[in-house]
Structures are given as structure tokens and as C-alpha cells.
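Engineer: I'd like to ask some things about the structure below.
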Amino acid sequence: MSKKNPPTANIGNVFVRETKEIINPCLKNLSTLLKNRKLGFSPIPLARPLSEFSLQGEGATEAFVERKRYSVLPIQAIGSELYWLGVILQVKFEAGFFYLSAVSIIIVKGLAEDNNKTPILRAEWDCLRENLEQNHAQPHWHIYPSSIIKNWESDEIVELRLKQLEEFGEQPEEEKFPRFHFAMATKWHLGEQNPNVEPEDINSIAKWINFCIQYTLEQLTYMWKL
């Protein structure tokens, strides 16, 4: 990857001439972790200057979360639950360079034929400097309490909540909670208040994706043993 003073170097740290320079390092790590399965990243059409690439592979199906479509791969069956993984890379093209804009990793559970799978959590890293200057921690986790509600509340209670939403137009707390950004990599223990970390290069991003998924799988297994 070349880093020879792009004219817009203040946009972000991770920039390349061709998108494959972003995709290939991520794909290499994922292929090892997920036992290959003919993995690849497929482009998702977006309005320029943005474009997205979604992880694809054997057994891929769809999941719709917060009006966004994810391609997801089966990663682990634990107990009676089947868990799925989605990874999206977003890039921004400017002045001849592709800048890594954001990475999103989502875990859902459900049947293959069910497009409305239950979201569990999402890990994100917004990599552009404009996002790193905001108050939301980078990288960060989002969690979905709706998965807990579906497991523990009766159908009658869920139906009552939906009726209240229709009548009063209020968004339940569990629907607001996924907006909370749980900091993932801070230096608070060193006295640094800033919750944001800027990626050094695409290899650091590839490692982060790999270890996020690995850690999540370990924790899901642990959770089912309790």
C-alpha cells in the first residue's frame, strides 16, 4: 500500500489506489478464521463518492437490521441457536485515492430462511478523521436488547409493547439502546480522555476484524455454558 502524500491526507490514515488493497488483507485473515469457504467481498452500489463491499461465501443468506440489508454467513451453532456473521467495508473515493471510511461487523441469530434474523451485537470502526473528532468512541460496540426481550418475554408482552408504540408514538427504551456506542479501545487507564483510536493501516484493520470475530465466538460459547 502506497502512502505518498495524497492531496487529501487529512481525510484518514487508511488509503489506497485500488480497493483490492483494502479487501485482500481482510479476506486473507477471514479465510483462515472461517476455514476459507470460498470467501469474497461483493460490491454494494452506493452514490459516489462512497461504496461498500459485503462479505460473501458458501451458505450466505440475508438479514435485515434497522432497514439495512446484510449478507450473512453461518459461523456457529451453539445450543439450539444458529449464529450468522456479516462484514461490510465502506470506502470513500477522493482525488484518486480510496479511503477506508468504516468497517461494520454484525452478529445475528435465526433460521437460514428467515430474513428478519435477531441482531445480537455490532462492532464498528469509523475511520475517517471527521468521525474520529466526534464524541462517539471509535471503535465501538452496539448491542441489541431486542434479542433478550424475544428470548424472555411472552408473545403477549411483546404484542402489548407494539400496541403502546402505535397508540402513543413513543420509542421503547430497548429500541433506543442500540444507538449507544460502547467504547472498545481506549487509553482511559493512561489518563487519556479521548475514546477514539485511529487505525494505523489496513493490516491493523484486518487484525481488528479477525480478533473481534474470534472473541465474539468465544464469548457466545461461554454464554451457552452458563
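The values are calculated or read from the model by the stated rules, or taken from the named source; none is laboratory data. If you're wondering where the values come from, they're calculated on a predicted model, not measured in any experiment. Every residue, glycine among them, receives a Cβ derived from its backbone with ideal geometry; neighbour counts consider all protein chains shown. Note: areas computed on protein heavy atoms with side chains; ligands, DNA, RNA excluded. Shrake-Rupley method; radii C 1.70, N 1.55, O 1.52, S 1.80 Å.
Engineer: Residues that are closer than 19 Å to GLU218 by Cα and not acidic (Asp, Glu): find the strands (runs of 3 or more DSSP E) completely inside region 6-115 holding 3 or more of those. Break it down stepwise before answering.
Structural biologist: Values: elements: 40-44, 50-56, 61-65, 68-78, 81-94, 97-109.
Passing ranges, in order: 68-78, 81-94, 97-109.
Engineer: Pick from region 195-226 the residues that are open to solvent by 90 Å² or more (accessible area, probe 1.4 Å) and over 30 Å from ARG17 (Cβ atoms): which of them is modelled with the lowest pLDDT? Talk me through it step by step, then tell me what you get.
Structural biologist: Of the residues in region 195-226, the ones open to solvent by 90 Å² or more (accessible area, probe 1.4 Å) are 200, 207, 211, 215, 218, 222-226.
Next, from what is left, pick out any that are over 30 Å from ARG17 (Cβ atoms): 215, 218, 222-226.
Details: TYR215: 95, GLU218: 93, TYR222: 88, MET223: 81, TRP224: 78, LYS225: 76, LEU226: 61.
Ranking the candidates gives LEU226 first.
Engineer: Just a yes or no: is a residue in region 175-190 open to solvent by 30 Å² or more (accessible area, probe 1.4 Å), touching a helix residue (DSSP H, G or I) at 6+ places or on another chain (Cβ under 7 Å) and at pLDDT 65 or above? Can you show your working first?
Structural biologist: The first filter runs over region 175-190 and keeps only residues open to solvent by 30 Å² or more (accessible area, probe 1.4 Å), leaving 175-177, 179-190.
If we keep only those that are touching a helix residue (DSSP H, G or I) at 6+ places or on another chain (Cβ under 7 Å) as well, we get none.
No, region 175-190 contains no residue that is open to solvent by 30 Å² or more (accessible area, probe 1.4 Å), touching a helix residue (DSSP H, G or I) at 6+ places or on another chain (Cβ under 7 Å) and at pLDDT 65 or above.
Here is a yes/no grid of residues against (1) within 19 Å of ILE209 (Cα to Cα); (2) in contact with a Ser or Thr (Cβ under 9 Å, 6 or more places away or on another chain); (3) surrounded by fewer than 22 Cβ atoms within 10 Å (Cβ to Cβ):
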| site | (1), (2), (3) |
| --- | --- |
| THR61 | no, yes, yes |
| PHE64 | no, no, yes |
| GLY79 | no, no, yes |
| LEU82 | no, no, yes |
| LEU89 | yes, yes, no |
| ALA95 | no, yes, yes |
| ALA102 | yes, no, yes |
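Engineer: To continue, here is another question. Considering only residues that are more than 16 Å from the chain's Cα centre (by Cα) and open to solvent by less than 50 Å² (accessible area, probe 1.4 Å), which ones fall in region 43-58?
Structural biologist: GLY57
Engineer: Would you check which residues across region 116-140 are open to solvent by 10 Å² or more (accessible area, probe 1.4 Å) and outside any strand (DSSP E or B) and list them? Full working, then the answer.
Structural biologist: The initial filter retains those residues of region 116-140 that are open to solvent by 10 Å² or more (accessible area, probe 1.4 Å), namely 116, 118-122, 124-126, 129-136.
If the condition is that a residue be open to solvent by 10 Å² or more (accessible area, probe 1.4 Å) and outside any strand (DSSP E or B), then ASN116, ARG129, GLU130, ASN131, LEU132, GLU133, GLN134, ASN135, HIS136 are the ones that fit.
Engineer: Show the residue pairs meeting these rules: Cβ distance below 6 Å; 6+ apart or different chains; first residue within region 183-199 and touching a residue at least 24 places away in the same chain (Cβ under 8 Å); second residue part of a helix (DSSP H, G or I).
Structural biologist: Once the first residue is touching a residue at least 24 places away in the same chain (Cβ under 8 Å) and sits in region 183-199, its partners that are part of a helix (DSSP H, G or I) give ASN196/LEU132; GLU198/LEU132; PRO199/ILE205.
Engineer: Turning to a different aspect of this structure: When residues of region 97-131 are filtered for being under 30 Å from GLU18 (Cβ atoms), over 16 Å from the mean Cα position of the chain (by Cα), at pLDDT 90 or above and not hydrophobic (A, V, I, L, M, F, W, C), how many remain?
Structural biologist: 1
Engineer: Mind listing whichever residues of region 67-77 are over 13 Å from the mean Cα position of the chain (by Cα) and surrounded by fewer than 17 Cβ atoms within 10 Å (Cβ to Cβ)? Walk me through it before giving the result.
Structural biologist: From region 67-77, those over 13 Å from the mean Cα position of the chain (by Cα) are 67, 73-77; that's our starting set.
Listed by number, the residues that qualify are ARG67, GLN76, ALA77.
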